[in-house]
1. SER44 to LYS135: FRET efficiency via 1/(1 + (r/R0)^6), r the Cβ-Cβ distance, R0 45 Å, to the nearest 0.05?
2. Average the reciprocal distances over every distinct pair of alpha-carbons in region 12-76, invert the result, and give the Kirkwood radius in Å.
3. Rank these for me by crowding, MET68, MET26, going from fewest to most other beta carbons within 10 Å.
4. Pop out the Kirkwood hydrodynamic radius of region 5-133 from its pairwise C-alpha distances, inverse of mean 1/r, in Å to one decimal.
5. Using a Förster distance of 35 Å, how high is the FRET efficiency between ARG123 and ALA64, based on the Cβ-Cβ distance and rounded to 0.05?
6. Taking each pair of different alpha-carbon atoms in region 88-137 once, compute 1/r for the pair, average those values, and report the inverse of that mean as the Kirkwood hydrodynamic radius in Å to one decimal.
7. What trypsin sites (Lys or Arg not before Pro) does region 27-115 have in DSSP loop regions with at most 10 other beta carbons within 10 Å?
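Throughout, read-outs are computed from the coordinates displayed, never taken from laboratory work. These figures come from a predicted structure and were not determined experimentally. When we count neighbours, we look across all protein chains shown, and the Cβ atoms used for this are built from the backbone with ideal geometry, even at glycine.
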Amino acid sequence: MTNSNISTLHDIEEHCPACNRLNPNMELIQEEFPAGRGEDTVLSVSLHSFYCDDCGVDWLEKRAESLMHDTICNHLKRLTPSEIRKTRGKLSVAEFAGCLGFSEMSIRRWEAGSIIQDVSSDRLLRVFRNPVGQKLISQISNELEMKKFQPEEVIGWVIDISDPAYLNSERKFRF
Ligand SMILES: [Zn+2]
């Protein structure tokens, strides 16, 4: 399995957690881990591993956990936390959750990478990523929300004959 999450050396700046020495020895390693609890599938990701000569401590880069989480998301064909964050765009968590019918808690957990969204939630997020889908979901959400404030069902159409749209329409009533 290829992985595109290999970072370049210059965006890594690490201190030894024991002696605080900057930029200790570093190597790129291939970390292997199970795809999930009780899963046989083994996934692999490239990570920077550090080693401090002074104290003999070794550790993995800060982003190791999120890179591993992204790899699991890709394996499960689910959007990654950063992709979900990008999908939300300028909307607040509350607005985004309200529009799609998710709880704010769910959105926060998905974006933080503490849980992975189920397949149906993932599909809905993907629909929202598409401009046409986003327009449709927003429209449906608005219609449903407006119903809450509309005690009576609309039983007929009111036609305003002074409306230019009506006057120009082909479907004028003939008196
Ligand atoms: Zn050290």
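1. Numbers: r = 39 Å, r/R0 = 0.88.
The formula returns an efficiency of 0.70 here.
2. Working: mean 1/r = 0.0775 Å⁻¹.
Hydrodynamic radius (Kirkwood, Cα pairs) of region 12-76 is 12.9 Å.
3. On the way: MET68 19, MET26 14.
Taking fewest neighbouring Cβ atoms as first place, the list is MET26, MET68.
4. On the way: mean 1/r = 0.0596 Å⁻¹.
Mean inverse Cα-Cα distance, inverted, gives 16.8 Å.
5. Working: r = 29 Å, r/R0 = 0.83.
With a Förster radius of 35 Å, E is 0.75.
6. On the way: mean 1/r = 0.0903 Å⁻¹.
Roughly 11.1 Å, rounded to one decimal.
7. ARG37, LYS77, LYS90
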